[in-house]
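> Next up is a structure, given as structure tokens.
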Amino acid sequence: MNDLAELRQQVSDGCRVLAGRDLAPGILGHISVRVGDQLLIRCRGPRERGLAHTTPTDIHLVARDGSPGAAGELAGGWTPPHELPLHVEVLNARSDVTCVVHAHPADVVAADLAGVRLQPIVGAYDLPGAALVRGGVPVYPRSVLINTTELGVEVADCLGSYPVVLMRGHGLISTGDTVAEAVLRAASVNTLAGLSLKILGAGGALRPIPEEDLRLLPDLGATLNLATAWRHELARLRPHEDA
């Protein structure tokens, strides 16, 4: 149960980081984490106040069919999000994925609708971001609510082996081994989308950095890219707490 409590806190923190980074403003968006054959996921309920105010009490254990994962998990009017099939089918298709993030970053949506293809236009400015889009980013072309198994399978197929998939007129899905990795990947994609829009809006052109420079970019490792970066995000949420 202590492990579940820690995971609820991680998912709650991830939701608040998404909101704090304007990746999922308002009440829409969710994070799930694989727990054996079940998943912890931000649910909808009578006391939810939007992602920016998510607490561990908003995070519930559910079976893949949406039923309670344990006694009392959905008591009091809680229900899984309508897009539970999105999470379930990605987790079904990707045994390497532990966390699934679904967010609605405006710059990502605007860039895709404008026909902008995300490219590694920066290097040392965002090392993980450059690596993330180096092989391209797939786009799911339907702007629909992913609320059926069939649609979930479509999205999972579009994602394939990539870490991220954009969803036209909708948002994105990012994946990771941890909540931190999946959320930070979403943030990097949004940063690249925002920079792309600014460059094009200033009359410039998008110029991917040369492959030789991409090869020279170091991998600074999980300690900096994940652990330190995530502590920074949590410190932004709780600025008055000791590090």
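> Label point 7 Å out from R238 along Cα-to-Cβ: which residues of the range 31-59 have amide N under 18 Å?
The answer is 52-59, whose backbone nitrogens lie closer than 18 Å to the label point.
> Which ³J(HN,Hα) values, rounded to whole Hz and listed in residue order, are derived for the range 219-233 from phi using the Karplus coefficients 6.51, -1.76 and 1.60 in 6.51 cos²θ - 1.76 cosθ + 1.60 with θ = phi - 60°, glycine and proline given as x?
After applying 6.51 cos²θ - 1.76 cosθ + 1.60, I find 9, 6, x, 5, 4, 7, 5, 10, 4, 5, 4, 6, 4, 4, 4 Hz.
> Mind listing the long-range amide H neighbours of R44? Cut-off is under 5 Å, sequence gap 5 or more, other chains count too, H placed in the peptide plane at 1.01 Å from N.
Under 5 Å from the amide H of R44 lie the amide H atoms of T79, each far enough along the sequence or on another chain.
> Which label belongs to the value computed from this structure, given these candidates for semi-axes √(5λ) of the Cα gyration tensor in Å: (i) 44, 21, 19; (ii) 49, 23, 16; (iii) 30, 20, 17?
Computed from these coordinates, semi-axes √(5λ) of the Cα gyration tensor in Å corresponds to label (iii).
> Using the Karplus curve 6.51 cos²θ - 1.76 cosθ + 1.60 with θ = phi - 60°, what ³J(HN,Hα) values do you get for each residue of the range 100-106, in whole Hz, with x for Gly and Pro?
10, 10, 10, 9, 10, x, 4
> Now a separate question. Pull out the extension gain between D177 and T149, defined as 0.36 nm times the separation in residues minus the alpha carbon to alpha carbon distance; nm, one decimal.
7.8 nm
> OK, next. For the chain, find the longest principal axis of its Cα atoms and tell me its angle to the long axis of helix 179-201, 0 to 90°, nearest 10.
It is inclined by approximately 40 degrees.
> Just the accessible area for H82, please: 1.4 Å probe, Å², rounded to the nearest 10?
H82 exposes around 130 Å² with every protein chain in place.
> Counting only Cα, what are the radius of gyration and maximum Cα-Cα distance Dmax of the range 164-208, in Å?
Reported Rg and Dmax, both Å: 12.6, 39.
> Please give the calculated 222 nm ellipticity per residue for the chain, where each DSSP H segment of at least 4 residues contributes -39500 (n - 2.57) and the sum is spread over every residue; nearest 500 deg cm²/dmol?
The per-residue figure over the chain is -12000 deg cm²/dmol.
> What value does the range 76-172 have for Rg/Rh, both radii from Cα atoms and Rh as Kirkwood defines it?
Ratio value, two decimals: 1.00.
> Ok, one more. Quick check on packing: order 99-107, 189-197, 37-45, 216-224 by the mean number of other C-beta atoms within 10 Å, highest mean leading.
99-107, 189-197, 37-45, 216-224
> With the calculation restricted to Cα positions, what are the radius of gyration and Dmax of the range 102-243 in angstrom?
Rg, Dmax (Cα atoms, Å): 15.9, 47.
> Oh, and also: So how compact is the range 1-132: Cα radius of gyration and Dmax in angstrom?
Considering the range 1-132 through its Cα atoms, Rg and Dmax are 16.0, 49 Å.
The values are calculated or read from the model by the stated rules, or taken from the named source; none is laboratory data. What you see is a predicted model; the values in this text were computed from it and never measured. Virtual Cβ from ideal backbone geometry, glycine too; neighbours counted across all protein chains shown. These area figures cover heavy atoms from the full protein model, side chains too; ligands, DNA and RNA do not enter into them. Shrake-Rupley method; radii C 1.70, N 1.55, O 1.52, S 1.80 Å.
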